[in-house]
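The next block holds one structure in the form of structure tokens; read it before the comments.
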Amino acid sequence: MRTVPISLFTCAALALAAQPAQPRRSPPFSILRPDAQPLTLASFRGKVVALVFISTTCPHCQEFTGKLVPIAKEYAPRGVQFLECAVNEGAKAAVPGFVQQFQPPFPVGFNTQAAVDEYLRRSILFTFYVPHVVFLDRNGMIVGDFEGESDFMKDAAANTRKELDKLLTAKAPAGKKTGSPAKTVGTASK
């Protein structure tokens, strides 16, 4: 058996990656849309948000989008906003066809990989796996962050429901009502 020396930097990076994520305030982020105004995460404050980073050409992302359609229809009236943001090259041109094919009842847009890396506070040293799901609570705090290669994706539909149920039972911010029907923003293209 051959041993491979590991640098101190690699050990520190692996240790940080292995630690459970602590809730943190969501930084500003916009989802760009063809022929529509950008959507800002801040505009959904007061709702639980499931933000999914995808590649329009990724079969796993396409399958996950299909699984999200009935979940989004079920949870939107309970105050949950689903959003998808494509990060692949050519996403701006691909999003309308993706929306037409998969008919998600939630907005789908795009942004650059660099913008997503900055939002997620990711180092370019690590591979970015999609789909990548980020859950925000009603206060705009990132409380869940699950990459495509994580255990979360082994049963993505059940785990998404579990995360949403947990967030929906959490106390709402002052002045916000829970359980009232929420208006869902339209899809990226029409």
Most to least accessible of Glu118, Glu163, Glu147 (protein chains only, probe 1.4 Å): Glu118, Glu147, Glu163
Euclidean distance between Cα centres, the stretch 30-88 to the stretch 110-153, Å: 13 Å
Equivalent ellipsoid semi-axes - Cα gyration tensor, the stretch 25-87, angstrom: 19, 17, 10
Ranked order, His132, His60 - accessible area, probe 1.4 Å, largest first: His60, His132
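The values are calculated or read from the model by the stated rules, or taken from the named source; none is laboratory data. The model shown is predicted, which means the values in this text are computed figures rather than measured ones. Remember, those area values only see protein heavy atoms, side chains included, never the ligands or the DNA or RNA. Shrake-Rupley method; radii C 1.70, N 1.55, O 1.52, S 1.80 Å.
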